[in-house]
Amino acid sequence: MSFKVPRGTQDILPGEVEKWQKVEGVMRHLTNVYRYPEIRTPMFESTELFQRGVGDSTDIVQKEMYTFEDRGGRSMTLRPEGTASISRAYVEHKMFGNPDQPVKVSYLGPMFRYERSQKGRYRQFVQFGVEAIGSKDPAIDAEVIELAMRVYQESGLKHLKLVINSLGDQEVRQAHRQALIDHFAPHIGEFCSDCQKRLEQNPLRILDCKVDAENPLTASAPKLTDYLNEESATYFEQVKMYLDALGIDYVVDPNLVRGLDYYNHTTFEIMSTAEGFGAITTLCGGGRYNGLVEEIGGPESPGIGFAMSIERLLLALEAEEVTLDTEDALDLYIVTMDDAAKLKAVEFASSFRARGISADIDYAGRKMKAQMKAANRLEAKYVMVLGSSELEEQAVNIKNMETGDQEKVPFHDVVNYLLTHKQ
Ligand code: HAM
């Protein structure tokens, strides 16, 4: 019997994981300077939270959730995204009472969606995201968008496109919804069965349908931007004004429809325009969700945020041929000639590591030559060979593997020598 990772999941092996850590470092740095401290919520929540939060008519809730009954007969779901959970935590911990609003948080962790897996689309993927809940200042929309762009820019990406749109408020969405129904209803028979269901549930999602994307009725559908009331239009203008002030380029796309139900006002996506990136070009998605906290039982608390997967960020870096400087070099490899030397090497390695010097030794009983080869494979910066004469002399040659230079160093000086030379 042979086992494989479940479809749509992957093992991140050493050699690859350093890239993850590198971009996670960029994210942690930026959330620190923008002041979005981390929040950690459970990997599963009650199913109802996502039904209400993400929305019953969405693909996520209808087709993609990993839902199970726990031993107490409760319906639980592996989280498909973070915004609903964070809004729940905001209400549960009464963060709306915090004198400093908005409450700004970030998160980084696995999400689960039963999707058709393909390059860039997985069933378990890691999302980095931020949420700012408790303010409807358009300046925070611009801050959140800027933070998302910075993650990509500071990771080394250049070929990016920011697309924004406004979905307006409840009143606007209602009027637009009716206009869409009137537009599509006479011809709905030409559309796929999913769209036929969407007509009544959420006609906006017809615009997002992959099957019917080429239908001319999609292109000629009433545009939400034409229905914006004065308040929504002004809000959108202000968001754009802040983006302009920050020097952030964007394209307004009135057909930008996000796949989750909680959005209103500002929505945005960041795409990769790198050649050969593949079919799925969206790296990041986000927007404003002014009614969500109320929907799950809290007081009126407007919010905005985004999420991006690390998987797609790394694919974009690959497409742009950006190499990340991952700095995982080994400082020292200790080659041992016999059991007595091995005992000393174990002691040495422990004392080096205690001082922050990375060190490795042979645990496979290999001959000296094979150990030297291992040191080369591991790209050790320094190598020392310990044998009976070194133990007798209480001194050892330390070889710089890059220059080939060697220096004899007394045992009691080895730590200091390595600390001053390893850089
Ligand atoms: P979303 O558009 O569903 O939004 O996902 C956001 C991002 O997560 C996508 O742009 C993509 O980078 C990544 N992603 C989604 N599904 C997959 C997948 N199957 N495989 C790999 N990456 C994936 C949300 O999740 C919202 N919660 C974003 C948000 C936060 N809105 C406001 N606050």
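Annotations for the structure displayed:
- Dipole-positive endmost among Phe411, Ser358, Ser389 within region 332-421 (Cβ charges, Cα centre): Ser358
- Dipole of the chain [Lys/Arg +1, Asp/Glu -1 at C-beta], most positive-end residue of Pro6, Phe306, Gln127: Pro6
- The value of relative contact order for the chain, using C-alpha pairs under 8 Å at least six residues apart, is 16 percent.
- Given 10 as the ceiling on other Cβ atoms within 10 Å, longest exposed-site-free region of the chain for GluC sites (Glu not before Pro) in DSSP loops: 1-213
- When the alpha carbon gyration tensor of region 77-128 is reduced to an equivalent ellipsoid, the three semi-axes, largest first, read 29, 11, 6 Å.
- DSSP assigns beta bridges within the chain; of those with both partners inside it, close to 80 percent run antiparallel.
- The portion of the accessible surface of the chain made up by carbon and sulfur, rounded to a whole percent, is 48 (1.4 Å probe; DNA, RNA and ligands excluded).
- On Cα atoms only, tilt of 83-92 relative to the major axis of the chain in degrees: 90 degrees
- Overall, region 87-169 carries a charge dipole of about 620 debye about its Cα centre when +1 sits on the Cβ of Lys and Arg and -1 on the Cβ of Asp and Glu, all other atoms neutral.
- Region 332-421 - percent relative contact order, Cα under 8 Å, separation 6 or more: 31 percent
- The long axis of helix 170-184 is offset from the longest Cα principal axis of the chain by roughly 70 degrees.
- 25 °C / 0.890 mPa s Stokes-Einstein diffusion coefficient of region 332-421, Kirkwood radius on C-alpha pairs, µm²/s: 190 µm²/s
- Here region 12-119 is described by how far its Cα atoms reach on the three principal axes: 44, 41, 28 Å, from widest to narrowest.
- Those aspartates and glutamates that a straight Cα-Cα span of less than 13 Å connects to Lys119, excepting residues fewer than 8 apart in one chain: Glu311, Glu318
- Beta bridges per DSSP with both ends in region 83-135, % antiparallel, nearest 5: 100 percent
- A Gaussian network model of the chain, with springs between Cα atoms under 10 Å, assigns the largest mean-square fluctuation among Gly287, Gly298, Gly120 to Gly298.
- Largest to smallest principal axis extent of the C-alpha atoms in region 300-383, angstrom: 70, 35, 20
- In plain terms, the bigger the Kirkwood radius, the slower the diffusion; for region 134-283, with that radius from Cα pairs, at 20 °C and 1.002 mPa s, Stokes-Einstein puts D at 129 µm²/s.
- Note on region 332-421: antiparallel DSSP beta bridges, both residues inside, total approximately 50 percent of the bridges counted.
- Considering all different alpha carbon pairs of region 69-174, the Kirkwood hydrodynamic radius works out to 16.9 Å.
- Cross-link table Lys158/Lys373; Lys94/Lys161; Lys104/Lys381; Lys344/Lys373; Lys22/Lys94; Lys158/Lys210, entries beyond 32 Å C-alpha to C-alpha: Lys158/Lys373; Lys94/Lys161; Lys104/Lys381; Lys22/Lys94
- The residues of the chain have, on average, 51 Å² of accessible surface per residue, using a 1.4 Å probe with all protein chains present.
- Test item: Cα-centred dipole of the chain, Lys/Arg +1 and Asp/Glu -1 on Cβ, debye: 1100 debye
- Each eigenvalue of the Cα gyration tensor of the chain, multiplied by 5 and square-rooted, gives one semi-axis; in descending order these are 54, 23, 21 Å.
- Charge dipole magnitude, Cβ of K and R +1, D and E -1 - region 332-421, Cα centre, debye nearest 20: 360 debye
- The chain: angle of helix 310-319 to the longest principal axis, Cα-based, in degrees nearest 10: 80 degrees
- Ignoring the sites themselves, the chain has its longest run without trypsin sites (Lys or Arg not before Pro) in a DSSP loop having at most 12 other Cβ atoms within 10 Å at 211-354.
The values are calculated or read from the model by the stated rules, or taken from the named source; none is laboratory data. Remember, it's a predicted structure, so these values are computed and weren't measured experimentally. Quick reminder, even Gly has a Cβ in these numbers, built from the backbone with ideal geometry, and neighbours come from all protein chains shown. Keep in mind that these areas ignore ligands, DNA and RNA; they rest on the heavy atoms of the full protein, side chains included. Shrake-Rupley method; radii C 1.70, N 1.55, O 1.52, S 1.80 Å.
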